[in-house]
Amino acid sequence: MSPYKLVFGKACHLPVELEHKAYWAIKRLNLDLEASGEKRMLQLNELEEFRRYSYENAKLYKEKTKQWHDKRIHPRSFEEGQQVLLFNSRLKLFPGKLKSRWFGPFKLLKIHPFGAVDLLEEKIGYKFKVNDQRIKHYWGEPLARMKVTTTLEDP
């Protein structure tokens, strides 16, 4: 069996002069076609085993990383009336060096099925709908707008 047939699965049809040169080269180098064919088959089998081993290792790695990531997912549940922050994905186009991509807080008005939520910007009364993957809880409290002054006196 020729190496061409091993690789491509069909016989190689060469012009007569090329076939003669190939035969002459094999005869001159004293190559054994049967032994080289067997060697090539062993190499192909080893390659197939290596591919299968690599595939299994990649599959195990993916399973382990999926378990690791799934373990760290914290379920988020939102309720109407909560304060949330909105992720601005367009900031990637014009990033500020240390600028936060989270804007808000916004008031959560309504939760629709399949992950849509209505938000309200309380300053201007603007209502809009976004996906719940773009929001997160706002745990801060409103800032106190009152200024307190304390006078220091010498004792």
Open item on the list: Can you tally the net charge around Ile111? Count Lys and Arg as +1, Asp and Glu as -1, for every other residue whose Cβ sits under 15 Å from the Cβ of Ile111.
Closed with: +3
- [ ] Pairs to check: Lys99/Lys127; Lys107/Lys136; Lys39/Lys59. Give those whose C-alpha atoms are more than 23 Å from each other in this structure.
- [x] Lys99/Lys127; Lys39/Lys59
Task: Residue-count net charge about Thr65 - beta-carbon cut-off 14 Å; Lys, Arg +1, Asp, Glu -1 - done: +4
Task: Backbone HN-Hα couplings from phi across segment 39-55 [Karplus 6.51/-1.76/1.60, Hz, Gly and Pro as x] - done: 4, 5, 5, 4, 4, 5, 5, 5, 5, 5, 5, 5, 5, 5, 4, 5, 4
TODO: Note down the nm distance, to one decimal, between modelled labels 7 Å out along Cα→Cβ at Cys12 and at Phe114.
DONE: 5.7
TODO: Take every Cα pair under 8 Å in segment 71-140 that's 6+ residues apart, average their separations, divide by the length, and report that relative contact order as a whole percent.
DONE: 32
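Readers should treat all values here as calculations from the given coordinates under stated rules, not as data from a laboratory. None of these values were measured; they are calculated from a predicted model. All Cβ positions, glycine included, derive from the backbone under ideal geometry; neighbour counts span all protein chains shown.
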